[in-house]
Amino acid sequence: MKIYADILIITNCILTLVYLQTTALMLHRRTGGVRLGAASLLGGLLSLLIAADGGSFQGAVVLTVIKLAGTALTLLLAVSFKDIWGYIRGLLIYLAVRAAFTGFILVFWEFSDSKLIFVRNYTVYFNISLLKLTLAVVSAYGVLSLCEVIKRRSGSRTAGYKARYTNGSYELTLPAVADTGNKLCDSFTGMPVVIFCCSDMYDHYGLEDPERSGRGGFRLIPCSTVNGSSLVAVTPKGRVTIIDEKGCEAQVRCYVGVTRSEGASKAIFDPVLLNKE
């Protein structure tokens with residue numbers, strides 16, 4: 001079977017990119033463009049192992065080590081982790097994502113006109129058109145993204161998060177909701193904002209009075225929701241700690257936004273904050 005190196009590398013670069021993006025989505029991580037590009041390029045270059053001689057025992061061992069090390073390094077290049085256990089969990093998810101995408105591609109290959117496939121040295125070369133490969137990747141990404149959205153929404157309803165705000169002698173603890181839709185950031189610094197919907201906190205800082213709120217370190221920034229656009233008072237002062245249902249605490253780097261509560265008071269945060277270093 002004739003294998004074209006350029007098609008092999010480009011295809012595996014694209015696949016690695018999608019693998020990493022999907023893994024980052026499941027881990028609630030943001031990936032940088034340069035790091036993601038470098039990791040995708042490494043994944044594409046690793047596909048050249050298909051041409052290596054792994055017929056002997058020593059050769060097979062060397063190829064296995066290189067492939068495993070390359071896969072582990074690919075994830076480490078693209079995503080930052082706080083500790084070794086977080087990395088191991090991420091690596092297992094990354095391997096599962098790769099297996100899931102490969103399964104979707106195999107299904108598309110099975111129903112394609114061409115039945116040619118070449119597997120060697122942990123690398124698969126599909127004799128499949130780029131259009132069909134693109135459809136397979138997009139379909140797999142869509143299904144996995146949908147599953148992740150369902151899992152997050154279910155988790156937001158059931159996870160017992162709490163958010164504690166401390167500023168000097170003032171301290172407030174509210175039930176918290178992990179909402180990936182909260183992308184509000186401060187207009188000047190770009191810092192993410194954790195929103196405290198609490199009328200008592202709103203009144204404590206006198207946010208109805210612009211002069212008083214300004215002396216307290218608050219300023220207004222635009223905010224868009226499903227109900228329309230409005231202004232939210234935010235401040236860099238104070239400390240926010242997220243507490244999960246197991247009692248584990250994580251202090252997050254963020255600004256604090258305060259609005260009046262409609263119903264029960266609560267805090268809303270983006271779960272990606274829990275994984276930031």
With respect to PRO175, is the statement that it is open to solvent by 30 Å² or more (accessible area, probe 1.4 Å) and in contact (Cβ under 8 Å) with a residue 24 or more places away in the chain true?
-> yes
Condition met for ARG239 (open to solvent by 100 Å² or more (accessible area, probe 1.4 Å) and touching a residue at least 24 places away in the same chain (Cβ under 8 Å)) = yes
Whichever residue in the stretch 18-36 is at pLDDT 85 or above and open to solvent by 40 Å² or more (accessible area, probe 1.4 Å) and, among such residues, is nearest to THR74 (Cα to Cα) = ARG35
Say whether the condition of being open to solvent by 40 Å² or more (accessible area, probe 1.4 Å) and in contact with a Leu (Cβ under 7 Å, 6 or more places away or on another chain) is met by at least one residue in the stretch 215-223.
-> yes
State which residue is farthest from the chain's Cα centre (by Cα) when the search covers only the stretch 37-72 and only residues that are surrounded by 17 or more Cβ atoms within 10 Å (Cβ to Cβ) and of a type in the set (Val, Ile, Thr).
-> ILE50
With the first residue restricted to the stretch 179-204 and required to be within 20 Å of ARG164 (Cβ to Cβ) and free of Cβ contacts under 8 Å to residues at least 40 places away in the same chain, and the second required to be in a loop (DSSP other than H, G, I, E, B) and open to solvent by 40 Å² or more (accessible area, probe 1.4 Å), Cβ contacts under 9 Å at 6 or more apart or on different chains are ASP203/ARG260
Going through the stretch 18-68 in order, the residues found to be in a helix (DSSP H, G or I) and of a type in the set (D, E, K, R) are ARG35, LYS67
Within the stretch 178-187, of all residues that are of a type outside the set (Ser, Thr, Tyr) and open to solvent by 50 Å² or more (accessible area, probe 1.4 Å), the one modelled with the lowest pLDDT is GLY181
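Conditions (1) within 30 Å of LEU27 (Cβ to Cβ); (2) in contact with an Asp or Glu (Cβ under 8 Å, 6 or more places away or on another chain), marked per residue:
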position	(1), (2)
THR173	yes, no
ASN182	yes, yes
PHE196	yes, no
ASP209	no, no
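The values are calculated or read from the model by the stated rules, or taken from the named source; none is laboratory data. Treat the numbers as computed from the prediction; the structure is a model and nothing was measured. When we count neighbours, we look across all protein chains shown, and the Cβ atoms used for this are built from the backbone with ideal geometry, even at glycine. Ligands, DNA and RNA are stripped out before the accessible areas are found, and what is left, the full protein with its side chains, is counted by its heavy atoms. Shrake-Rupley method; radii C 1.70, N 1.55, O 1.52, S 1.80 Å.
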